[in-house]
Structures are given as C-alpha cells and as structure tokens.
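Take a look at the structure set out below.
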2 protein chains.
Amino acid sequence: MQEPRRAKKKTKATSMDIAHRAGVSQATVSRVLRGSPLVNAETRKRVEEAVRELNYKVDRHASSLRTQRAGTLALLLFEDPTPDDSHINPFFLSMLGSITRACAKHGHDLLVSFQQLSDDWHADYEDSMKADGLILLGYGDYIAYESKLAHLVAQGTHFVRWGAVLQGQPGISIGCDNAAGGALVGRHLIARGRRKVAFLGDASTHFPEFFARYCGCDGALREAGLRMNPALQVDADSSEQSGYDAARTLIARGHAFDAIFAASDLIAIGAIRALTEHGLRVPDDVAIVGFDGTPMARFSNPPLTTVVQDTSGAGELLVASLLRLVRDEPAESVTLMPTLEVRASSGG
Amino acid sequence: MQEPRRAKKKTKATSMDIAHRAGVSQATVSRVLRGSPLVNAETRKRVEEAVRELNYKVDRHASSLRTQRAGTLALLLFEDPTPDDSHINPFFLSMLGSITRACAKHGHDLLVSFQQLSDDWHADYEDSMKADGLILLGYGDYIAYESKLAHLVAQGTHFVRWGAVLQGQPGISIGCDNAAGGALVGRHLIARGRRKVAFLGDASTHFPEFFARYCGCDGALREAGLRMNPALQVDADSSEQSGYDAARTLIARGHAFDAIFAASDLIAIGAIRALTEHGLRVPDDVAIVGFDGTPMARFSNPPLTTVVQDTSGAGELLVASLLRLVRDEPAESVTLMPTLEVRASSGG
DNA sequence: CTGAAAGCGCTTACAG
DNA sequence: CTGAAAGCGCTTACAG
C-alpha cells in the first residue's frame with residue numbers, strides 16, 4: 001500500500017497496460033504508436049482507444065534507449081562580450097524563437113543552454129545521447145571559434161551554426177548574406193545624398209559578419225566612385241554601450257561624416273544617443289542605419305532604418321539542415337538574403 | 001566492416017568498455033560515476049582515468065529509464081496576444097535567460113517550448129518522462145488560465161508558474177509584488193508634483209498582475225489624499241502598438257492628465273510615441289513610468305523610469321521551488337520585491 | 001497481420 | 001568494498 005501523504009500521482013501507464021486493455025501483445029501497441037503499416041485497422045482502433053483512455057504517452061527514455069535517437073536538438077547560445085544577465089542580443093532571441101518553432105514543426109524537442117565562448121562547450125550533449133545534434137548561435141572572435149568547429153567535425157558531432165559562410169570552413173553554416181546587406185545600406189545612403197559614411201563595428205577577419213557588412217557597403221560606394229574611409233571606422237561589439245562609446249570616439253577624431261552604418265541595431269541605438277548628446281541631429285546632420293531588424297529598431301527615436309535578417313527562414317533552415325546531417329543526408333551551407341527596412345533615421 | 005562513406009562517428013563507449021579497461025565490474029563503474037561512497041579510492045582513480053581516456057559520458061536515456069528521473073525541466077512560454085514571430089515580450093526573454101542559468105546551476109537541462117495560451121498545453125512532457133516538472137511563463141486571461149492550473153494539480157503534475165500570487169490559487173506561483181511596485185510608482189509621481197495619473201493596461205481580475213499594479217498606485221495616491229480616476233484608465237495588453245493605441249484613446253477622451261503609469265515597458269514606449277506625435281512633451285507635459293525593467297527602457301527616448309522586476313531572483317526561485325516539488329518536499333508561493341529605476345521620462 | 005523474445009545501457013538491491 | 005543479476009519500458013528482427 002502506498003502512503004497517501006499527499007496527492008500521489010497515479011502510477012504511469014505503460015505499453016503493457018495498453019496491451020492488456022486492448023487485448024493485444026505489447027509489440028502490437030508499439031507498432032500502432034510508431035505508425036507501422038503492419039497493423040490491422042480494427043486492431044489499431046482498439047489500441048488507440050486504450051491509449052486515450054489511460055492517457056498513455058510513450059516513455060521517451062525507453063524509446064530513445066532502444067532506437068538510439070534522442071528526438072531532441074540542443075541550442076548552444078554563446079554570449080561572450082556581455083556576460084551580464086539578461087543582456088543577450090535581442091537578435092539572437094528572435095532566432096531562438098524561430099528555432100523553437102522550427103523544432104516543434106519537425107517533431108523535435110529543444111534543449112537550450114547558454115555558453116561562454118571561452119568555455120569548454122557542452123558538445124557532450126550528443127555523447128550523452130541528450131541530443132541528436134547541436135545548433136550553435138552567437139558571434140565572437142571567429143579565429144578562436146574556428147578551431148573549436150574543426151574539433152567538433154573531427155569528433156563526428158552533428159552540428160550547424162549560424163554565422164558567416166566562408167570558404168573552406170569546418171562544418172556547415174547558415175548565415176545572412178552580410179555583403180549584400182552592406183551593399184543595400186551603401187546604395188541607400190548614396191541615394192539619400194550621403195557621401196562620408198562612417199562604420200561602427202569591428203571590421204576584420206576576427207568578426208567576419210561585420211567585416212562582410214563593411215566590405216559590402218564599400219563595394220556599393222565604389223560603384224558610385226566613392227569608398228569607405230578607414231579613418232571613419234571605429235571598433236565596437238554588439239551592445240548599446242559599445243555603440244555609444246564608438247560614436248563618441250568617432251566624433252572626437254574630428255573627421256567629417258554625414259552617415260553612420262552601424263554593424264548592429266544595438267550599436268546604432270547607442271550611436272544615436274551619443275550623437276544626440278553632442279547636439280547632432282539624426283537624420284539631418286547624420287543619417288544612421290543599423291543591422292539585424294530587431295523589434296527595438298522600430299521603437300527607437302527616431303525609428304531606425306535597418307537591414308532585416310530573415311530569422312524565420314534561418315530557424316527553419318538551421319533545423320532542417322541539422323536533421324539532414326543527423327540522418328546522414330547531405331547538407332550544405334546556405335546564405336540568406338536580407339532586406340532593407342527604411343525608417344526616419346536615414347531620412348525616411 | 002563498416003562502410004566508410006563518410007567520416008563515421010566511432011561507436012560510443014559504454015560503461016562496459018570502461019569496466020573492461022579499468023579491470024572492474026560494470027557496476028563499479030556506475031558507482032564511481034554516481035559518486036557512491038562505496039568505492040575504494042584506488043579503484044575510483046582507475047575508473048576515472050578510463051572515463052577520461054575514452055571520453056565516456058553516461059547515457060542519459062539508460063540512466064533515466066532506470067532511475068525514473070529525467071534530470072530535465074521544461075519551460076512553457078505562453079505568447080497569446082502577439083502570435084507574430086519574434087515579438088515575444090522582452091521581459092520574458094530576460095526570465096528565460098535567468099531560468100536557463102538557474103537550471104544549469106542546479107545540474108538540470110532545460111527544454112523550451114512556446115505555447116498558445118488557448119492550446120492544449122504540452123503538459124505531457126512529464127507523462128512521457130521528458131521532464132521532471134514544468135515552469136509556466138507568460139500572462140494572459142487569468143480566468144481561463146486558472147482552470148488549466150487546477151487541471152494540472154489534479155493530474156499531479158509538478159509545476160511552478162510565474163505570475164500573480166493570489167489566495168487559494170491552484171499550485172504554487174512565484175511573482176512580483178505588483179501592488180508594492182504600483183505603490184512605488186504612485187509615491188514617485190506624487191513626489192514629482194503630479195496629481196492626475198492615468199493608467200494604461202487592463203485592470204481587472206482577468207489580468208491580476210496589471211490589476212495589482214493599478215491598486216498599488218491607487219493606494220499610494222490615497223495616502224496623499226488623491227486617487228486614481230477610472231476615466232483615465234485605458235485597457236491595453238503588453239505591446240508597443242497596444243500602448244500607442246491606448247494613449248491615443250486617452251488623449252481623445254479629453255480629460256486632463258499629467259502622468260501615465262503604463263502597466264509594462266512596451267506599453268510605455270508606445271505611449272511615448274503617441275504623446276510625442278500629439279505634440280505633448282515627456283516629461284514636461286506628461287510624466288511616464290513603465291513596469292518590468294526591460295533593457296529597452298534604458299534606450300528609449302527619453303529614457304524610461306520603470307519598476308524593475310528581479311528576474312535573476314525569479315529564475316533561481318522558480319527552479320529551486322520546482323525541484324523541491326519534484327523531490328516531494330514542501331514549497332510555497334513567494335512574492336519578490338521590485339525596485340524603481342528613475343530616469344528622465346518622469347522628470348529624472 | 002501478430003506474438004515471443006532479445007536487447008538498448010544503465011542503477012541498485014542482494015550476496016559475499 | 002565489489003560482482004552477478006534483475007529490470008527500467010520500449011523497438012524490431014524473427015517466426016508464424
């Protein structure tokens with residue numbers, strides 16, 4: 001007899017209970033639940049009824065132990081530059097949303113974990129059978145990052161990452177066409193009559209996403225006989241504070257500029273704050289364009305023109321590609337086209 | 001012979017492999033890995049070495065099947081009013097961050113799932129042994145919600161929820177002391193010389209969090225011989241658009257007001273936009289205070305005074321309480337004290 | 001179309 | 001302190 005100290009959960013039904021109730025073997029119950037065609041329609045109906053009556057759910061661990069499939073993916077979210085709580089880049093949170101939805105659509109569960117880029121990664125999700133594969137999300141110094149990717153490949157880990165798609169890169173990546181995005185910005189600013197475009201964000205091979213945005217914008221300027229001026233580039237990582245600091249540095253240098261291309265929306269919003277404090281008007285004195293298409297771009301003052309990344313498409317593609325890898329099917333890196341959303345910060 | 005079509009993952013090591021290598025029984029390997037004291041120090045060392053050499057990880061499914069513990073919690077995030085992708089309330093995303101961290105700290109994994117409040121919930125995470133318990137996050141019509149909570153209790157599901165802590169409520173809740181937060185706002189506005197305080201947000205038992213904020217503010221006004229004027233209350237759910245619409249409605253009503261207490265930061269930011277469009281200055285003509293303490297409050301223009309909820313404390317408490325329930329230990333509902341962060345939108 | 005049986009990789013009484 | 005053995009709840013060849 002169980003001690004009824006508190007409302008005890010009644011013991012969970014097993015496939016044995018279902019079998020008994022439906023008058024079939026336990027193997028047949030399993031066949032029905034896995035959707036095997038090898039079951040008589042009548043039998044199937046009896047089993048399904050028993051399943052409903054007892055509110056039976058297949059035990060995930062028993063099933064996974066037998067099939068050697070977890071039915072789960074793991075999302076590793078890197079948050080290196082801003083280790084302070086709750087200050088995750090909102091762009092990655094949009095990605096998290098779309099990845100979660102894509103997982104559900106593909107009938108998989110999603111484990112979420114935050115990682116320091118510097119840490120040993122929880123790549124052991126797969127070794128412990130907790131997940132069939134990994135989705136890596138978050139930027140950081142790519143040079144350090146790449147060797148870890150190579151390590152994952154060497155271990156045979158199934159993974160996809162979000163980020164710059166580069167030649168000869170280990171593993172497969174899904175990323176925004178950052179150069180195309182940068183070109184959209186360059187052409188837009190030129191069409192608005194701007195000539196001296198500053199860039200806030202690291203622009204080196206250590207941060208290939210930002211670098212490609214820079215180069216794309218430069219390419220568009222060159223089409224118009226202009227070019228980016230390295231004296232108007234200031235390093236910044238993707239945070240409001242960093243954007244604020246970078247804009248102040250830019251102003252302090254004393255070179256003239258009439259537009260800022262910020263490598264991310266957060267940087268742009270920090271830059272607007274710095275410019276406003278300094279008595280510069282946006283967009284009258286300086287046009288500003290961000291990158292990412294985060295919700296806050298719409299609410300900033302003035303509303304921010306931004307390059308919108310296709311987060312829904314990205315989530316779906318990340319999940320679908322990873323599931324292909326898990327099934328040992330071929331998959332390849334893909335680049336997604338961004339779009340420009342014009343708002344008041346660049347003259348509307 | 002395996003077909004070497006592509007780099008095959010070498011077969012995963014099992015505890016048997018470790019046992020063989022360390023020259024002990026498989027049972028002893030298991031004891032070492034579970035930290036049993038019933039192992040000789042020498043033996044332990046040999047086993048640990050073999051574990052390291054073969055990069056062995058305990059198989060989660062085998063372990064969980066045996067122990068009947070998943071070692072995993074599930075987070076159900078409701079997003080009813082705004083089903084459009086990527087527009088999740090940033091406050092909940094902060095919560096997600098802190099919950100993730102708290103889970104890691106307590107040695108548990110976290111499954112994340114988005115749910116429609118109207119749907120059948122994925123309460124079956126526990127029935128299928130995928131998770132030991134549920135964390136419920138997200139507001140919505142509480143009246144509809146409460147019956148679902150009662151249902152979960154009746155089923156013996158282990159869960160905690162974030163939200164208003166009410167008398168006689170089913171299950172346990174962790175929530176902000178919304179009335180105290182409202183009182184902070186009321187006293188602050190009075191101290192700034194404001195007298196006619198409008199409220200943007202539903203204020204009924206259907207939305208007990210907003211309602212308590214309203215009542216708390218009203219209580220503070222009464223201490224000063226004033227009170228909230230129902231004619232200055234406009235319904236709104238927690239979105240920028242809804243805040244914008246509500247502020248326009250408020251203005252259209254034509255009653256004088258010199259302050260707005262917005263039930264959330266998103267509502268406040270929408271309200272600022274509406275006021276600005278209408279030629280009203282913040283804070284000179286109207287002081288505005290939000291609620292939540294989201295990152296965007298700092299970046300809004302003007303920066304938004306807001307009631308900061310303790311998301312780190314909340315995440316930790318949610319996880320710790322749920323784990324107590326899972327272990328059949330007593331746990332109870334708790335209310336967390338918020339703080340007021342004063343910025344320029346209320347006169348600084 | 002169905003059942004009996006083996007086995008996935010652990011954990012933990014039980015016996016020594 | 002250690003090993004042999006049972007068993008967690010499934011899935012899937014195998015035999016009929």
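The values are calculated or read from the model by the stated rules, or taken from the named source; none is laboratory data. Predicted model only: the values in this text are computed from it and were never measured. Quick reminder, even Gly has a Cβ in these numbers, built from the backbone with ideal geometry, and neighbours come from all protein chains shown.
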### Task
Hey, could you check region A:32-63 for residues that are within 9 Å of DNA strand C (Cβ to nearest atom) and under 21 Å from residue B:61 (Cα atoms) and say which is surrounded by the most Cβ atoms within 10 Å (Cβ to Cβ)?
A:61
### Query
Restricting attention to region B:51-68, and to residues there that are not in a helix (DSSP H, G or I) and not aromatic (Phe, Trp, Tyr), which single residue is farthest from the other protein chains (Cβ to nearest Cβ)?
B:54
### Query
When you go through A:128, A:94 one by one, which is the residue that is over 30 Å from residue A:251 (Cα atoms), without any contact (Cβ under 8 Å) to a residue 24 or more places away in the chain and in contact with a helix residue (DSSP H, G or I) (Cβ under 7 Å, 6 or more places away or on another chain)?
A:128
### Task
Give the number of residues within region B:217-252 that are within 14 Å of chain A (Cβ to nearest Cβ) and of a type in the set (Asp, Glu).
1
#### Entry: Single unsatisfied condition, residue B:84 versus (1) more than 8 Å from chain A (Cβ to nearest Cβ); (2) away from DNA strand C (no atom under 13 Å from the Cβ); (3) within 30 Å of residue B:146 (Cα to Cα); (4) at pLDDT 90 or above
(4)
### Query
When you scan region B:90-130, how many residues do you find that are among the small types (Gly, Ala, Ser), more than 9 Å from chain A (Cβ to nearest Cβ) and more than 16 Å from residue B:313 (Cβ to Cβ)?
3
### Query
Quick check: is even one residue across region A:250-268 farther than 25 Å from residue A:187 by Cβ and β-branched (Val, Ile, Thr)?
yes
### Query
Which pairs have Cβ atoms under 9 Å, sit 6 or more apart or on different chains, and link a residue in region A:244-258 that is touching a residue at least 24 places away in the same chain (Cβ under 8 Å) and of a type in the set (D, E, K, R) to one that is outside any helix (DSSP H, G or I) and surrounded by fewer than 21 Cβ atoms within 10 Å (Cβ to Cβ)?
A:248/A:278; A:258/A:193; A:258/A:195; A:258/A:196; A:258/A:285
### Summary
Of the residues in region B:131-166, those that are assigned to a loop (DSSP other than H, G, I, E, B) and touching a residue at least 60 places away in the same chain (Cβ under 8 Å) come to B:131, B:132, B:138, B:139, B:140, B:141, B:158, B:165
## Note on the structure
Flagged pairs (Cβ under 8 angstrom, 6 or more apart or on separate chains; first in region B:22-39, of a type in the set (A, V, I, L, M, F, W, C); second in a loop (DSSP other than H, G, I, E, B) and more than 7 Å from DNA strand C (Cβ to nearest atom)) are B:32/B:39
### Query
In this structure, does residue A:283 turn out to be assigned to a loop (DSSP other than H, G, I, E, B), away from every other protein chain (no Cβ under 14 Å), surrounded by fewer than 24 Cβ atoms within 10 Å (Cβ to Cβ) and over 22 Å from the mean Cα position of the chain (by Cα)?
yes
### Query
Mind checking which residues of region B:182-196 are under 9 Å from residue B:289 (Cβ atoms) and β-branched (Val, Ile, Thr)?
B:185
### Query
Which members of region A:14-28 meet the condition of being near DNA strand D (Cβ under 8 Å from one of its atoms), away from chain B (no Cβ under 14 Å) and under 14 Å from residue A:55 (Cα atoms)?
A:16
### Task
Would you mind stating whether residue B:205 is under 18 Å from residue B:179 (Cα atoms) and either at pLDDT below 95 or not assigned by TED's automatic domain parsing to the domain that holds residue B:189 (or both)?
yes
#### Entry: Matching option when the condition is within 14 Å of chain A (Cβ to nearest Cβ) and surrounded by fewer than 17 Cβ atoms within 10 Å (Cβ to Cβ), among B:330, B:295, B:302
B:330
### Summary
Only one of A:42, A:79, A:3 is more than 16 Å from DNA strand D (Cβ to nearest atom), more than 10 Å from chain B (Cβ to nearest Cβ) and modelled with pLDDT under 95, namely A:3
### Message
Please pick out the residue among B:285, B:237, B:292, B:328 that is more than 27 Å from residue B:134 (Cα to Cα) and of a type in the set (Asp, Glu).
### Response
B:285
